[in-house]
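The values are calculated or read from the model by the stated rules, or taken from the named source; none is laboratory data. Computed from a predicted model, the values in this text were never measured in an experiment. Virtual Cβ from ideal backbone geometry, glycine too; neighbours counted across all protein chains shown. The area values use the complete protein model at the heavy-atom level, side chains included, leaving out ligands, DNA and RNA. Shrake-Rupley method; radii C 1.70, N 1.55, O 1.52, S 1.80 Å.
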Amino acid sequence: MAAQILSGIRVLELGQLIAAPFAAKTLADFGAQVIKVEPPGQGDPLRKWRMLHEGTSVWWEAQSRSKQSVCVDLRQTEGQAVVRALAAQADVLIENFRPGTMEKWGLSWETLHAANPRLIMLRISGYGQSGPKSGEPGFAAIGEAMAGLRYLSGEPGRAPVRAGISIGDTVAGLHGALGVLLALYQRDARGGQGQMIDAALYESIFNLTESLLPEYSVFGAVREPAGAALPGIAPSNAYLCKDGYVLIAGNGDGIFGRLMDKIGRSELGSDPDLARNDGRAGRAAELDAAIGDWTAQRTIAEVIEALRDAGVPCGRIYTVADIAGDPHYRARGAIASVKAASGIEVEQPAIFPLLSQTPGAIARRAPTLGEHTDAVLEAAGFDAGQRARLRELGVIA
């Protein structure tokens, strides 16, 4: 563990559910000490989300690995004082409450920065810490819609669909973790101080929307939903085979020629009007029809075998069962197994990206509620008598 790149960095996590905890998990994966503050009683609501084993979500086991759990009631003045003491000794504080909540608790950026000028504070919210919508509650689904992603998702003429995961939260968490790393570099490598990072869910998704706004600003074009196709880039789509759909990405100039040769349409591959993407995009329907006619006569396995030999990117659409059984995942160590407090083994995504010199590691299983309260507070200077009094008041658990 000493070789991990963030070893020695102390992170105080005040958030709950997905975005802030995902950012903290990313830092913990690379060696940061993450102290997760949870409310006494039920703790982070994620403990009860989706499928439970012996009363605890198995999602929790992945999201909270390598963290320490401390139970503090932030609604009480004494609990707020405990967090201020912990923040005074932290390198990073991460929160994702609605803007204004931390200020109400006496935990504003200004207050915490004055007490600890080296502190880096990551604030994740639906709409950011400023602007007319900043005070509104914002979940990932709403942020994805505001960023334009939900409008593009689905089939033309049908209701927009969402990804089956809370992608807005995790993308915001990744943006937040990147911001923390940049701020740590500024502080430690360039002699700076701590700073506040303002990460909004909708902006994190908006940052991924590629040509969406540039095309509107120049051409007034409003991109419409296109199902499995990628508008303006051809050919790239899902094509029906005898036993389901296969994905084929034949949009590279050289790849396109090889694909057309393989499906017996060499005249399209040699057509000068189709040599570049702009020409192919205008005839995307024709190209999709040609490819679809070929795939419809074959199984997914037959298509993949033929196109791999031709050097054309293609693949089946994986279920989680496919992922768990895929030898490539196993060969790269992309799946980790961690024994939970209940004793079960929980498989989960391993640590990404892969660093050759300072790889990440899972330090410990996800904590039980309040498992580290006494150890963390003792290390922060709260003696046994002080902890006993706080426990009598219901401030800690």
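Residues Lys67, Lys339, sorted by accessible area with the largest first, give Lys339, Lys67 [1.4 Å probe; ligands and nucleic acids excluded]. A 1.4 Å probe, protein heavy atoms only, puts the accessible area of Tyr202 near 50 Å².
When only alpha carbons are used to place a centre, region 233-308 and region 336-389 end up 49 Å from one another.
Which chymotrypsin sites (Phe, Trp or Tyr not before Pro) in region 1-108 pass both tests, a DSSP loop state and at most 15 other beta-carbon atoms within 10 Å?
Details: sites: Phe22, Phe30, Trp49, Trp59, Trp60, Phe97, Trp105; in loops: Phe30, Trp49, Phe97, Trp105.
Answer in residue order: Trp49.
Stokes-Einstein diffusion for region 329-397, with the hydrodynamic radius set to the Kirkwood value over Cα pairs and evaluated at 25 °C in a medium of 0.890 mPa s, equals 162 µm²/s.
Kirkwood hydrodynamic radius, region 28-72, all distinct C-alpha pairs: what's the number in Å? Show your work: numbers first, answer last.
Working: mean 1/r = 0.0897 Å⁻¹.
Roughly 11.2 Å, rounded to one decimal.
Could I get the Rg over Rh figure for region 65-215? Both from C-alpha atoms, Rh via Kirkwood, rounded to two places. Can you show the working numbers first?
Working: Rg = 17.6 Å, Rh = 17.0 Å.
Ratio of gyration radius to Kirkwood radius for region 65-215: 1.03.
Taking a ≥ b ≥ c as the square roots of the eigenvalues of the Cα gyration tensor of region 282-368, is the shape rounded (a/c under 1.5), prolate (a/b larger than b/c) or oblate?
Values: a/c = 3.23, a/b = 2.48, b/c = 1.30.
Note, shape of region 282-368 comes out prolate.
Taking GluC sites (Glu not before Pro) as exposed when their DSSP state is a loop state and no more than 15 other Cβ atoms lie within 10 Å, the longest site-free interval of the chain runs over 211-397.
If each residue of separation counts as 0.36 nm, what is the full-extension length gain between Leu393 and Glu103 once their alpha-carbon separation is subtracted? Don't jump to the answer; show the numbers that get you there.
Details: separation 290, 0.36 × 290 = 104.40 nm, distance 2.29 nm.
That works out to 102.1 nm of additional length.
P(r) tail for region 139-182, what percent of Cα pairs lie past 14 Å? So the portion of pairs separated by more than 14 Å is 53 percent.
Put a plus charge on the Cβ of each Lys and Arg, a minus charge on the Cβ of each Asp and Glu, and nothing anywhere else: the dipole of region 295-364 about its Cα centre is then about 220 debye.
Taken one residue at a time, the phi angles of region 86-101 give Karplus couplings (6.51, -1.76, 1.60, θ = phi - 60°) of 5, 5, 5, 10, 9, 8, 9, 10, 10, 9, 9, 7, 4, x, x, 5 Hz. Gly and Pro are set to x.
With r as the distance between the Cβ atoms of Phe219 and Thr368 and R0 = 51 Å, compute the FRET efficiency 1/(1 + (r/R0)^6) and round to 0.05. Don't skip to the end; give the middle numbers.
Numbers: r = 56 Å, r/R0 = 1.10.
Efficiency at R0 = 51 Å is approximately 0.35.
With the alpha-carbon atoms as the only input, what is the per residue convex hull volume for region 3-96 in Å³? Write out the running numbers ahead of the final one.
Details: hull volume 8.1 nm³, N = 94.
In region 3-96, the Cα hull volume divided by residue count equals 86 Å³.
Pair-distance distribution P(r) for region 211-347, from all Cα-Cα distances in 5 Å bins starting at 0: 2, 9, 16, 18, 14, 11, 10, 9, 5, 3, 2, 1, 0 percent.
The value obtained for the chain, namely the Cα convex hull volume divided by the number of residues, is 183 Å³ per residue. One equal scatterer on each Cα of region 141-266, no solvent, Debye formula: the resulting log10 I(q)/I(0) at q = 0.17, 0.21 Å⁻¹ is -1.02, -1.20.
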